[in-house]
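Read-outs: derived from the displayed coordinates by stated rules, not from any lab. All values derive from a computational prediction rather than experimental measurement. No Cβ is skipped: glycine too gets one built from the backbone with ideal geometry, and neighbour counts run over all protein chains shown.
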Amino acid sequence: MLLVTLLAVVAVAGATPAVPRAATAMYNPDLFQGDIKGIAGQEPGKERAAILGEQYLWPGGVVPYVFGNSVNSYERSLIISAMDDFHARTCIRFVERTSQSNYIEIVSNDSGCWSYVGTIGGKQRVSLDSNGCMYKGTVIHELMHAIGFYHEHCRNDRDSYVTIHYENVQAGMESQFNKDTYWQYVGEGYNYESIMHYGTYAFSVQWGVAKTIVPTDPNVILTEAYDKLQMAQSDANQINNLYRNQCSF
Ligand SMILES: *[C@@H]1O[C@H](CO)[C@@H](O)[C@H](O)[C@H]1NC(C)=O
Ligand SMILES: [Zn+2]
């Protein structure tokens, strides 16, 4: 039985490149746009590039956080290095929670990488599964959701920049590529380099073979969030613009 299973796994692996765990952890079939657990004050489908409504932003740009027990010291230092990208380039400040009632709880024992978009009130989780999410780029990506951002490739101007090849998308996953119906422009145009952009095989029927997101510009190669080491400058600019009334610069 074990041998048969092993042979089957080898046969499949030989036929198509394996999907990296870092990708399956982020491209969750049951979550909105792959890694969004919920949206502050909104239903999925009413999403925007950046959340609209000051009440869904973190007051003063300050995001209190706690770590769940499962997050080990290596993971904590990785997550803090991701927070440092925000601290160095934006007005957002992640602070260890003292008694604030609204805060994020970062856990590593849940399944997949996901976050809510914006502040939903009370404790809200950011899931960074030890198995597949412990990459600085993935952490930055999920934290950017938590402060109020959606995905770059779902902006409603994306058709000028990428083509979605629905024939290569897994059956039932087409809605993962729905465009934002209306969204808040926060000062930057479409950027292939955004850390909020998915890679070229997101929800593909055949990883490494069948492309789902293809840049209009043939010279562009999309990079997965987990392969990035920092947010794009346009991401930082948009954060500062979204929080312009919250932060004291
Ligand atoms: C995961 O960690 C959180 C935070 O420490 C805890 O509340 C939860 O019970 C844990 N879940 C499991 C399945 O161990
Ligand atoms: Zn995401």
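Summary of values
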{"read-out": "Point-charge dipole on Cβ atoms (K/R +1, D/E -1) for region 55-154, about Cα centre, debye to 20", "value": "220 debye"}
{"read-out": "Structure-based [θ]222 nm, the chain - -39500 (n - 2.57) summed over DSSP H runs of at least 4, per residue, nearest 500", "value": "-7000 deg cm²/dmol"}
{"read-out": "Unpartnered cysteines - no second Cys beta carbon under 4.7 Å - across the chain", "value": "CYS154"}
{"read-out": "For the chain, with +1 on Lys and Arg beta carbons and -1 on Asp and Glu, the positive-most of ASN191, SER73, LEU222 along the dipole", "value": "SER73"}
{"read-out": "Lys, Arg +1 and Asp, Glu -1 on Cβ, resulting dipole of region 117-249 about Cα centre, debye, nearest 20", "value": "380 debye"}
{"read-out": "Lysine pairs with alpha-carbon atoms under 22 Å apart, the chain, spacing 8 or more or separate chains", "value": "8"}
{"read-out": "Region 25-147: antiparallel DSSP beta bridges as a percent of all, rounded to 5", "value": "20 percent"}
{"read-out": "Cα gyration tensor shape of region 56-155, rounded if a/c is under 1.5, else prolate or oblate by comparing a/b with b/c", "value": "rounded"}
{"read-out": "Rounded to 5, the percent of DSSP beta bridges in the chain classed as antiparallel", "value": "40 percent"}
{"read-out": "Shape category assigned to region 187-239 from the gyration tensor of Cα positions, a/c cut at 1.5", "value": "prolate"}
{"read-out": "Estimated distance in nm for a label pair at ASP84 and ASN156, the labels positioned 7 Å out from Cα along Cα-to-Cβ", "value": "4.0 nm"}
{"read-out": "Contour minus Cα-Cα distance for SER77 and SER101 (0.36 nm per residue)", "value": "6.2 nm"}
{"read-out": "Student exercise, the chain dipole from Lys, Arg, Asp, Glu Cβ charges, in Debye to nearest 20", "value": "380 debye"}
